[in-house]
Amino acid sequence: MILKKIAFISIFIVFFTNYAQNPFLPVDYLTKDFHKDRREALRAKMPANSVAVFFANPIRNRANDVDYVYHQNPNFYYLTGYKEPHAMVLIFKENQEVEGRLFNEVLFVQARDESAEMWTGKRLGVIGAQDQLGFRVAFKGGDFKNNKIDFLKFNNIFFEEFKNDVRDTKSNADLYDLIEVFKEKISFNLMNLEDISEDKIREQTLKKLDTEFLKGTMASLREIKTKEELVLLKKAVEISAIGQIEIMKAMHPDMSETEAQGIHEFVYKKYGAEYEGYPSIVGSGNNGCILHYTDNNKTLIGENSLILMDLGAEYHGYTADVTRTIPANGKFSKEQKLIYDLVYEAQEAGIAAYKIGTKMSKPHAIAKKIINKGLAELGIISSEKAYHTYFPHGSMHHIGLDVHDPGTYKKFEENMVVTMEPGIYISIGSDCDEKWWGIGIRIEDDILITKNGPVNLSKRAPRTSEEVEALMELPSVLEKFVLPKLE
Ligand code: GLY
Ligand code: MN
Ligand code: MN
């Protein structure tokens with residue numbers, strides 16, 4: 001017995017000291033106060049006598065009985081902290097009284113289920129939702145059907161468009177049921193009937209139903225990051241920049257795109273980032289000209305290729321979005337360097353305009369002008385004004401819980417975090433001298449807007465062509481990581 005006790009205590013001590021000593025293990029999760037504060041911020045923007053309703057994301061099937069890794073609806077996570085599927089939250093402008101209970105928000109969650117939890121992990125359940133997420137009023141999803149809230153008494157019922165891939169799993173309390181019961185309670189099906197103007201009740205009901213309000217309102221909340229969010233977002237970006245540094249040191253022309261991707265993702269996981277914020281993009285040579293290339297399956301990167309790597313660690317839900325383009329052999333060719341330096345110049349000039357009060361359309365206009373001028377000087381296009389598709393995308397977007405985070409895109413404000421990502425893509429067969437063919441370059445950084453001007457959160461990863469080449473000369477610990485050949 002005593003031996004058992006000692007064994008138990010020593011396991012505990014080893015576990016605890018490992019935990020305490022491992023600087024990579026995260027301890028910085030968002031608190032229930034953060035989510036509560038976000039609900040209050042939304043409530044403050046809602047009109048009198050209204051309710052906002054959010055549903056968890058559906059589970060998406062990958063094949064047969066294997067689903068994709070679950071990802072919560074970012075708005076739902078932002079407002080609740082709940083990470084499981086089959087849930088909904090009601091946020092009321094004013095206190096409601098039902099059967100003698102006063103409340104202004106209700107969370108419906110998955111019920112605990114011992115056998116399901118044995119397969120897919122512990123569920124929070126109603127008690128967990130109350131204790132850990134701070135919802136005073138929480139119910140099992142199955143209780144929504146008999147819940148006494150009269151939705152039609154509200155002036156406005158705000159909800160997001162329903163996801164059309166929600167499957168009925170015959171559980172009576174899954175997302176499918178929550179949505180169907182909700183539709184019934186708000187007479188949503190009236191929306192499908194024609195000739196609505198003839199029926200007063202139908203007209204009045206339809207006026208209340210609104211799937212637009214939450215888009216703009218959630219964007220205006222989420223585009224300004226709170227201090228808690230900035231802690232996580234900065235980490236996601238820094239981890240991603242370190243991933244870029246490690247690959248720059250490890251890169252050699254025989255490496256495959258997949259292997260390069262794996263090195264990045266290993267670095268993320270080492271720091272406790274749970275996932276990638278979007279499918280990693282690692283394209284060598286002409287693949288770098290495919291903007292959202294995700295096959296990443298070219299075996300040999302090749303001696304003279306560039307490798308475009310657009311990757312972002314997702315840390316506790318917050319994702320970075322960082323791109324570097326590097327030469328496989330460590331040295332840019334003359335043509336590669338000319339295009340690279342042009343993209344860099346456009347990015348630098350664009351970032352300089354990331355100032356509070358400036359229109360958010362300005363940096364892209366600046367970058368476009370520089371790139372057009374440069375392409376004309378290099379003879380790739382006939383004049384600065386000539387139509388071309390070598391820079392076919394915008395230069396910026398917010399990042400946060402989504403890689404393309406919602407925003408209103410008017411003027412820069414303090415504590416926005418926005419990318420700056422000009423690029424030039426000259427695919428094989430383009431209408432220019434073939435010495436430029438196969439050059440695809442994007443440089444992307446994540447910029448925090450502050451009172452003192454733009455702060456480049458990803459600056460740790462070298463950006464100028466000279467800095468990139470210098471870093472690539474450094475040795476990599478991965479050189480020692482030699483695996484046996486397969487039969
Ligand atoms: N990684 C996607 C983007 O840069 O927008
Ligand atoms: Mn981006
Ligand atoms: Mn990107």
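A compact table of results
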{"read-out": "Spatially proximal aspartates and glutamates relative to LYS298 (Cα-Cα < 15 Å; intrachain offsets below 8 disregarded)", "value": "ASP254, GLU257, GLU259"}
{"read-out": "Value at 222 nm in deg cm²/dmol, rounded to 500, when DSSP H runs of n ≥ 4 in the chain each add -39,500 (n - 2.57)", "value": "-11000 deg cm²/dmol"}
{"read-out": "When each of LYS234/LYS411; LYS334/LYS369; LYS269/LYS362; LYS337/LYS411; LYS183/LYS234; LYS215/LYS369 is checked by Cα-Cα distance, pairs over 28 Å", "value": "LYS269/LYS362; LYS337/LYS411; LYS183/LYS234; LYS215/LYS369"}
{"read-out": "VAL455-THR389 pseudo-label distance in nm [points 7 Å out on the Cα-to-Cβ vector]", "value": "4.1 nm"}
{"read-out": "Fully extended contour minus Cα-Cα distance, from VAL477 to ASP113, at 0.36 nm per residue", "value": "126.5 nm"}
{"read-out": "Per-pair calculated FRET efficiency, R0 = 25 Å: GLU40 and LYS140 via Cβ, rounded to 0.05", "value": "0.45"}
{"read-out": "Nearest-ten-degree value, helix 362-377 long axis tilted from longest Cα axis of the chain", "value": "30 degrees"}
{"read-out": "Angle between the chain longest axis and helix 213-222 axis [Cα atoms, degrees, rounded to 10]", "value": "60 degrees"}
{"read-out": "Ranked list, fewest to most other Cβ atoms within 10 Å of each Cβ, for ASP402, ASP445", "value": "ASP402, ASP445"}
{"read-out": "Listed residue pairs exceeding 28 Å between alpha carbons, taken from LYS122/LYS153; LYS83/LYS249; LYS93/LYS207; LYS368/LYS459; LYS163/LYS270; LYS36/LYS170", "value": "LYS122/LYS153; LYS83/LYS249; LYS163/LYS270; LYS36/LYS170"}
{"read-out": "Global geometry of segment 306-442, whether rounded, prolate or oblate, following the gyration tensor of its Cα atoms and the 1.5 cut on a/c", "value": "oblate"}
{"read-out": "Charge dipole (the chain, unit charges on Cβ, about Cα centre) - positive-most of ALA461, ILE449, GLN130", "value": "GLN130"}
{"read-out": "Likely footprinting exposure, ASP33, ASP131, ASP65, fewest C-beta neighbours within 10 Å first", "value": "ASP65, ASP33, ASP131"}
{"read-out": "For segment 457-465, 3J(HN,Hα) per residue [Karplus equation, 6.51 cos²θ - 1.76 cosθ + 1.60, θ = phi - 60°, Hz, x = Gly/Pro]", "value": "6, 9, 5, 4, 7, x, 10, 5, 4"}
{"read-out": "Taking the chain and dividing mean pair separation by its residue count, relative contact order in percent (alpha carbons under 8 Å, at least six apart)", "value": "13 percent"}
{"read-out": "Potential extension, ASP165-ALA376 segment - 0.36 nm per residue separation minus Cα distance", "value": "71.2 nm"}
{"read-out": "Folded to 0 to 90 degrees: helix 32-45 orientation relative to the chain principal axis, Cα", "value": "80 degrees"}
{"read-out": "Long-range HN-HN contacts of TYR278 with modeled amide H, under 5 Å", "value": "GLY312"}
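We did not get these values from a lab; they are worked out from the coordinates using the rules stated. As the structure is a prediction and not an experimental result, all values here were calculated from the model. Neighbour counts are summed over all protein chains in view; Cβ atoms, including those assigned to glycine, are modelled from backbone coordinates with ideal geometry.
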